[in-house]
Amino acid sequence: MDQLTEYRTEINEIDSGITDLFTRRWEVVRKIAGYKTERGIPILDHGREREILERNSALIRAADVRAYYISFMQNVLDLSKQFQHMLMEGMNVAYSGVRGAFADIASRRIFTDARHIGFPDFKSAYNAVAAGECDCAVLPLENSSAGIVDQVLELMFAGDLYINGMYTMSVKQNLIGIKGTSADTVRKVISHPQALAQCEAYIKDHGFETVSAVNTAIAAQRVAELNDPTVAAIASEATAELYGLDILDPNINESSVNTTKFAVFSRIENLNSDKRGKFILMFTVPDVAGALAKAISVISEYGYNMKVLRSHSMKAIAWQYCFYVEIEGDETSENGQQMLAALAEQCDKLKIIGHYLKEVEI
């Protein structure tokens with residue numbers, strides 16, 4: 001046997017080993033796709049890709065080979081994402097509204113390959129996931145101008161779903177109407193209460209009558225159906241295009257920095273320690289003087305930093321409030337478990353809502 005034949009035989013043995021490893025890797029990728037589907041986690045994770053490339057390329061000692069390895073490994077990662085996209089095409093993502101609603105836009109940016117299913121309100125979208133009809137739901141949690149979305153907060157406190165991701169999206173509200181209309185002819189505007197609140201100053205300046213709708217896209221749909229030049233909607237540019245409406249006045253939201261925070265809800269909690277930058281909890285305290293102060297002091301005593309604290313009045317009980325808190329750190333540590341035990345002594349009800357590493361801009 002000559003040397004070339006020997007080399008080729010050696011290559012064949014190596015390739016056989018690569019084939020076995022490739023098959024093993026793809027079976028794990030299949031499991032990862034299932035894990036992400038169950039927990040409402042998107043495919044792309046830039047941090048994880050960077051970690052793989054940096055760690056593995058450092059093991060290649062030959063400098064003239066390292067660049068080829070990085071190219072090889074990047075191709076493997078790209079093919080892995082393609083495989084996950086194929087597997088997750090059957091993922092059902094719930095949102096509140098119809099096509100063109102801001103939640104629809106957000107869900108399509110987060111889950112590019114999924115089936116996106118609109119529901120008439122927040123509760124029905126949430127319940128679709130709880131009942132197993134959908135894999136996850138993308139719901140608005142808070143707007144930088146109009147504040148917390150009360151209905152979603154109530155669902156979080158009463159329901160059993162977990163938040164496994166937090167995303168922020170810049171929201172530009174527009175006055176939109178039927179073709180041939182101008183802002184001067186409008187007398188009435190239809191939109192979701194949050195959108196109306198975001199554009200409160202503009203509405204007041206123009207003396208518009210306001211009508212609430214379940215969401216901005218349904219408002220635009222209603223304007224298109226009415227075909228009335230005196231009635232307009234407040235909604236996104238994409239919604240205007242979708243329903244054949246004109247933008248009568250762009251960017252009418254009161255704040256130039258108008259951002260909505262969306263949460264991804266799923267039935268299974270993401271317990272991946274790599275994704276534990278912040279955790280979310282909600283609690284109630286007894287209706288006695290100093291109860292809230294005692295609860296908050298417990299969190300700080302154990303060295304945890306509260307990033308967000310919100311109160312919400314409970315409709316079922318007069319003058320009873322629940323509290324929503326976002327906290328930096330990991331509550332599964334020994335210190336965290338001690339903190340939760342001490343906090344539970346001060347609370348009537350305490351529940352972990354979920355975890356996320358950081359807010360991702362979409």
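Tabulated values for the structure
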read-out	value
Any hit, region 332-340, residues being among the hydrophobic types (A, V, I, L, M, F, W, C) and within 18 Å of Ala158 (Cα to Cα)	no
Set Leu139, Leu155, Leu196: member being modelled with pLDDT of 90 or more and either in a strand (DSSP E or B) or of a type in the set (Lys, Arg) (or both)	Leu139
Some residue of region 118-133 being surrounded by 23 or more Cβ atoms within 10 Å (Cβ to Cβ) and in contact with a Lys or Arg (Cβ under 9 Å, 6 or more places away or on another chain)	yes
Odd one out for Ala103, checked against (1) over 24 Å from Val325 (Cα atoms); (2) part of a helix (DSSP H, G or I); (3) among the hydrophobic types (A, V, I, L, M, F, W, C); (4) touching a Gly at 6+ places or on another chain (Cβ under 6 Å)	(1)
Near pairs, Cβ below 7 angstrom, 6+ apart or cross-chain, from region 104-131 (within 16 Å of Val214 (Cβ to Cβ)) to any residue that is at pLDDT below 95 and acidic (Asp, Glu)	Gly118/Asp104
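Each row is one residue, and each column tells you yes or no for (1) within 24 Å of Thr259 (Cβ to Cβ); (2) of a type in the set (A, V, I, L, M, F, W, C); (3) surrounded by 14 or more Cβ atoms within 10 Å (Cβ to Cβ); (4) in contact with a helix residue (DSSP H, G or I) (Cβ under 9 Å, 6 or more places away or on another chain).
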site	(1), (2), (3), (4)
Tyr68	no, no, no, no
Leu87	no, yes, yes, yes
Arg108	yes, no, yes, no
His116	yes, no, yes, yes
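Residue by residue, here is whether (1) surrounded by 19 or more Cβ atoms within 10 Å (Cβ to Cβ); (2) within 16 Å of Met166 (Cα to Cα) holds:
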position	(1), (2)
Ala295	yes, no
Gly303	no, no
Arg310	no, no
Ser333	no, no
Met339	yes, no
Leu350	no, no
Lys358	no, yes
Ile362	no, yes
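The values are calculated or read from the model by the stated rules, or taken from the named source; none is laboratory data. Computed from a predicted model, the values in this text were never measured in an experiment. Counting neighbours? That spans all protein chains shown, and the Cβs are built from the backbone with ideal geometry, glycine included.
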